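The values are calculated or read from the model by the stated rules, or taken from the named source; none is laboratory data. Quick caveat, the model's predicted, so the values are computed rather than measured. Cβ atoms come from the backbone with ideal geometry, glycine included; neighbour counts cover every protein chain shown. Accessible surface areas use protein heavy atoms only, side chains included; no ligands, DNA or RNA. Shrake-Rupley method; radii C 1.70, N 1.55, O 1.52, S 1.80 Å.
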Amino acid sequence: MTEQKRFTLRMDGEIFENIKKQAELNKRSVAKEIEHVLEQHLKKSDKEDGKE
């Protein structure tokens, strides 16, 4: 695994609450839920672009 990076993320409160609810359902932290959603999006995007 590559090294982890830290950064500040500002987002709409409603989006945050939705992510927080999903994180609780998936037994993840909010940060890990955001990471998971991004990974899934990138995998889907790569498939659509024919990169996988």
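At-a-glance table
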{"item": "Mean ellipticity per residue at 222 nm, deg cm²/dmol - from DSSP H runs of n ≥ 4 across the chain, formula -39500 (n - 2.57)", "result": "-20500 deg cm²/dmol"}
{"item": "Lys/Arg +1, Asp/Glu -1 at C-beta; the chain dipole; positive extreme among Ile34, Ile19, Gln4", "result": "Gln4"}
{"item": "Acute angle (nearest 10 degrees) that the helix 13-25 long axis makes with the longest principal axis of the chain, alpha-carbon atoms", "result": "80"}
{"item": "Cleavage-rule hits, trypsin sites (Lys or Arg not before Pro), the chain, DSSP coil, Cβ neighbours within 10 Å at most 11", "result": "Lys5, Arg6, Arg10, Lys27, Lys51"}
{"item": "Of all accessible heavy-atom area on the chain, the percent that carbon and sulfur account for (1.4 Å)", "result": "51"}
{"item": "Inverse mean reciprocal Cα-Cα distance (Kirkwood Rh) of the chain, Å", "result": "12.5"}
{"item": "Accessible area (Å², per residue) of the chain, counting only protein heavy atoms and a probe of 1.4 Å", "result": "99"}
{"item": "Given charges at beta-carbon only (K, R positive; D, E negative), |dipole| of the chain in Debye", "result": "200"}
{"item": "Pairs of Lys in the chain closer than 21 Å at Cα, counting only those 8 or more apart or on different chains", "result": "8"}
